[in-house]
């Protein structure tokens, strides 16, 4: 069983939904607002832990967008709630969720200390496990080049 008593699937919902993979490609290009928008549509349809997981990613993307927009106050709030939500998820949902959460937490700490300029090299990159990661997210990235 995975969070909320739902049946375990062969693939994570993240690997099955092309919208999730589109959001990953956007996120990895630094298009955080656009990734947030794509994932928000998905989030409205989900339930249980996966909904919490997607919401955490949405908030991290929103926080990183707020950093790009030179709005550190709102970035702090969004990064904090996103990091907290991902921390409450037991499953990785087919991505490097622990690494994404840790990177977002490092950025959050820098922003809180007023060291926003040092956050750039720490921007998280989402890696998708398995075949969907090798084809879906990569194909989306290639199409954007």
Any residue in the stretch 19-34 that's surrounded by 24 or more Cβ atoms within 10 Å (Cβ to Cβ): show its pairings with residues that are in a loop (DSSP other than H, G, I, E, B) at Cβ separation under 6 Å, as long as the two are six or more apart or on different chains. 24/126; 27/126
Residue match in the stretch 120-136 (condition: at pLDDT 95 or above and not in a loop (DSSP other than H, G, I, E, B)): no
Please tell me if residue 101 is at pLDDT 95 or above, touching a helix residue (DSSP H, G or I) at 6+ places or on another chain (Cβ under 7 Å) and surrounded by fewer than 18 Cβ atoms within 10 Å (Cβ to Cβ). no
Per the filter on the stretch 82-118, residues assigned to a loop (DSSP other than H, G, I, E, B) and under 23 Å from residue 24 (Cβ atoms) are 89, 90, 91, 92, 93, 94, 96
The condition of being touching a strand residue (DSSP E or B) at 6+ places or on another chain (Cβ under 6 Å) and touching a residue at least 40 places away in the same chain (Cβ under 8 Å) holds, among 97, 91, 104, only for 91
Please state which of the following conditions residue 110 fails to meet, knowing it meets all the rest: (1) surrounded by fewer than 20 Cβ atoms within 10 Å (Cβ to Cβ); (2) modelled with pLDDT under 95. (2)
Considering (1) at pLDDT 95 or above; (2) at negative phi; (3) not in a helix (DSSP H, G or I), say which one residue 30 fails and leave the rest. (2)
The conditions are (1) in contact with a helix residue (DSSP H, G or I) (Cβ under 7 Å, 6 or more places away or on another chain); (2) in a helix (DSSP H, G or I); (3) surrounded by 15 or more Cβ atoms within 10 Å (Cβ to Cβ), and residue 49 fails exactly one of them. Which is it? (1)
Residue 63 part of a helix (DSSP H, G or I), closer than 17 Å to residue 52 by Cβ and modelled with pLDDT of 95 or more: yes
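The values are calculated or read from the model by the stated rules, or taken from the named source; none is laboratory data. Predicted, not measured: the structure shown is a model, and the values here were computed from it. When we count neighbours, we look across all protein chains shown, and the Cβ atoms used for this are built from the backbone with ideal geometry, even at glycine.
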